[in-house]
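Here is the structure we will look at, set down as structure tokens.
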Amino acid sequence: MQSIRVNPDSVTRQFVKLLSDWPADDPALQLQCRLLLLDGIAVAVAGASEPGPGILAALARRECPEGRARVIGKGFSTGVVQAARVNGAAMHVLDFEPMWNPPNHALSPLLPALLALAESRERDGEPALGARMLQAIARGVEAQGRLRMSSGQFEPGKLTLHPPGIVGPLASALACAQFLGLDPDRTTAAVSMAASRSGAVLANVGSMTKALHCGDGAANGLECALLAAEGFTANEDAIGSPRGWGIAMFGQTFDPSHLTAPLRVARALDPGPSWKLFPSQFATHFVITAALAAREEIGASDLASCIRRVVLRTPVMPYIDRPRPVNGLDGKFSWQYTTAVALLDGRVDPESFADSRRFAPDAVTLLERIELVNDPSIPGRLDQMHVEVAVELDSGRTVTCRCDAPLGSWTRPVPPERIRQKARGLLEPVLGLDIAANIDRTILEVENFSVWSLMSFL
């Protein structure tokens, strides 16, 4: 087998070494990774029935009807790479997994790869690998946070690419390579290989392809780790070289110092995730929160007939300025629609984004009465922004509510029990009370659980 030689001064090598040497075994970090695992699985179970993951699952079943990795919610197993892709899309399609700062969906392009890899290894006779997987989750989250920092793009409105499709493959490759026990040279090769397997255009936000960005991130990173294990090679510094990932993706804003800075506090803990309590683009959580507060203050059960106008004052984020979303899925990325459904229904959940709800007469009517004011004085960073929702009633009364941070975000954290409650609410309708409770106990209470056994519930 061809040997792999890596320049020890390369940015990629230093990045890999930093995370490879990190034990990632702090008890608080381990609990956080258990909660991330529970949330990710619950969201994937709920998302598996969506059309996009269904199409991907059907294709995987035709191409590989038998394998060692379970496709969530579909009752069959397939190849590890195919399973990672389908499950990654299922984990992201509802836009319900945690948000990170700088903006990214770090879970869906990472966790499905690790689940498929761990399950397949246990099926081959290895002992329970749950504890090792938790450490790999921590490394993958850390990798993505550092890669996102290196981009220099911290505001959603200034993104040029969809982050999980850009940083997810590299983090998935690193975490999977570490999980496989590859040496630093082969781990570096896996990450450098993944630098050529990343890409995700923002034009596809609001379509089935957005979730595929995450599925491909998981699948491509896992495949790179498997190829590196067999001796497949890549450039010794595909991240930091003049023609590498950083410059190609971000140009002069790329700052590689974030990749190799000392690791003092895990990014899974600080700044940590913002736990999503609504299944939509994260910035819309601000208008949802303000709209729900306005509805409560108004105290009317039938607002559709008494609202004259709604004025939203928001940061400048053109890609979620969608006054007439083309379908329910597109509505997840609309300031206007998420405000409308929150005002009308007093809740925002997966059913809020069904096409039937999007085109219901009351939603169509209210959308025509919503005015968006982009205020450039409002910061666009997720941890600094705010929104205002002003509801003008036919009576002449105006109710104005402001949201500086939605519940679950970095300045308004929720306790672990709230995350468990969210997970149970997603798992129970699909799997039943007993299985949902068993999944919760296995992930949160079993020290070193079997991933294969966990996946058998799904």
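Quick notes on this one:
- Computed over the alpha-carbon atoms, the chain gives an Rg to Rh ratio of 0.98, Rh here being the Kirkwood radius from the mean inverse distance.
- Extension gain (nm, one decimal) between residue 384 and residue 252, 0.36 nm per residue minus Cα-Cα: 45.1 nm
- Within the range 331-396, the GluC sites (Glu not before Pro) that combine a DSSP coil assignment with at most 16 other C-beta atoms in a 10 angstrom radius are 368.
- Of the solvent-accessible surface of the range 376-458, computed with a 1.4 Å probe and all protein chains present, 50% belongs to carbon and sulfur.
- Against the rule of thumb 2.2 N^0.38 Å, how large the Cα Rg of the range 247-293 comes out: 1.74
- Using a Förster distance of 35 Å, the FRET efficiency for residue 418-residue 158 (Cβ separation, nearest 0.05): 0.65
- Three-way shape call for the range 325-401 based on the alpha-carbon gyration tensor, with the a/c threshold at 1.5: oblate
- The length gained by stretching the chain between residue 311 and residue 433 to full extension, at 0.36 nm per residue less their Cα-Cα distance, is 39.7 nm.
- Here the extension length gained between residue 373 and residue 304 equals 22.7 nm, from 0.36 nm per residue of separation less the Cα-Cα distance.
- Shape call, the range 211-251: gyration tensor on alpha carbons, a/c limit 1.5: oblate
- Heavy-atom accessible area for residue 247, with the other protein chains in place and a 1.4 Å probe, reaches approximately 70 Å².
- The mean accessible area for residues of the chain, using a 1.4 Å probe and ignoring ligands and nucleic acids, is 38 Å² per residue.
- Percent accessible area from carbon and sulfur atoms, the range 165-310, protein chains only, probe 1.4 Å: 50
- Between the helical axis of 51-63 and the longest alpha-carbon principal axis of the chain there is an angle of about 30 degrees.
- Inter-part distance, the range 152-172 to the range 74-114, computed on C-alpha centroids, equals 16 Å.
- Split the chain at each of the trypsin sites (Lys or Arg not before Pro) in a DSSP loop with at most 10 other beta carbon atoms within 10 Å, and the longest piece is 6-242.
- Crossing angle, helix 11-21 versus the chain [Cα axis fit, 0-90 degrees, rounded to tens]: 90
The values are calculated or read from the model by the stated rules, or taken from the named source; none is laboratory data. Computed from a predicted model, the values in this text were never measured in an experiment. Note: ideal-geometry Cβ built from the backbone for every residue, glycine included; neighbour counts use all protein chains shown. Each accessible area value is taken on the protein alone, full model and side chains, heavy atoms only, with ligands, DNA and RNA left out. Shrake-Rupley method; radii C 1.70, N 1.55, O 1.52, S 1.80 Å.
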